[in-house]
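The values are calculated or read from the model by the stated rules, or taken from the named source; none is laboratory data. Please read all numbers here as calculations on a predicted model, not as lab measurements. Cβ sites come from the backbone with ideal geometry, for glycine too, and all protein chains shown count toward neighbours. Areas reflect the complete protein model, heavy atoms only, side chains present, ligands, DNA and RNA absent. Shrake-Rupley method; radii C 1.70, N 1.55, O 1.52, S 1.80 Å.
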Amino acid sequence: MQGLLNRSYDLYQSAAQFVAEASGQHLGAQALVEAGMADPLCERNDLDGALAHLKQGLALMPWWGKADDFVLSYATLARIHLAQADRSGAAEAVEKAAQLIQTRGVFSEARRAAEIAQVKLWLAQGDAQASRPLGRIPGRAL
């Protein structure tokens, strides 16, 4: 968020090393590190690396279990898929985020990230509905 990609990446690398060296399995912490690592990689346009880390994070996310982090991860996944011109993959990620929001509830930061991902998807699809307020679009509200 502050444009410090190298610092962000280095912090995630340090966190990954700490988790790996810690005694016992800390799969929840590893999930957050893997998913978080995707953001600076995506910003660097290393989309394959970002996708690999994010998929690993999502695979481990049940060990963490917090819906907010799932939603944030799906929003990042949608961003990666859009950058790869994979609109169907982005739509699937946005749908998974929306389902979690509706069934489990999340904090406003995660909800906003999912809403932004939805609008970016609509814009990529050339959907005129994208310009309407999110809460007023029938069948599409997050």
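Translational diffusion coefficient of the range 10-89 at 10 °C, 1.306 mPa s, Stokes-Einstein with Kirkwood Rh over Cα pairs, in µm²/s as a whole number. So the translational diffusion coefficient is about 126 µm²/s.
Springs between Cα atoms under 10 Å define the GNM used for the chain, and in it the highest mean-square fluctuation of Leu72, Leu123, Leu58 occurs at Leu123. From its DSSP helices (H runs of at least four residues, each -39,500 (n - 2.57)), the chain gives a residue-normalised ellipticity at 222 nm of -25000 deg cm²/dmol. Treating r as the C-beta distance of Gln25 and Gln84 and R0 as 35 Å, the FRET efficiency rounds to 0.65.
Each residue, Gln99 and Leu4, gets one label point 7 Å from its Cα in the Cβ direction; the gap between the two is 3.7 nm. Each residue of the range 59-69 is assigned a 3J(HN,Hα), and the resulting list reads 5, 8, 4, x, 5, 8, x, 8, 4, 4, 6 Hz, derived from the Karplus form 6.51 cos²θ - 1.76 cosθ + 1.60 (θ = phi - 60°), x at Gly and Pro. Our coupling estimate for the range 96-108, obtained by passing each phi through the Karplus curve with A = 6.51, B = -1.76, C = 1.60 and θ = phi - 60°, is 4, 4, 4, 4, 5, 4, 6, 9, 10, x, 8, 5, 4 Hz, Gly and Pro reported as x. For the chain, the fraction of C-alpha pairs more than 26 angstrom apart is 25%.
Looking at the chain, the accessible area is 59 square angstrom per residue; that uses a 1.4 Å probe and ignores ligands, DNA and RNA. Here the spin labels are modelled as points 7 Å beyond Cα on the Cα-Cβ line, and at Phe107 and Glu92 they lie 2.9 nm apart.
Surface composition of the chain: carbon and sulfur atoms hold 51% of the protein heavy-atom accessible area at a 1.4 Å probe.
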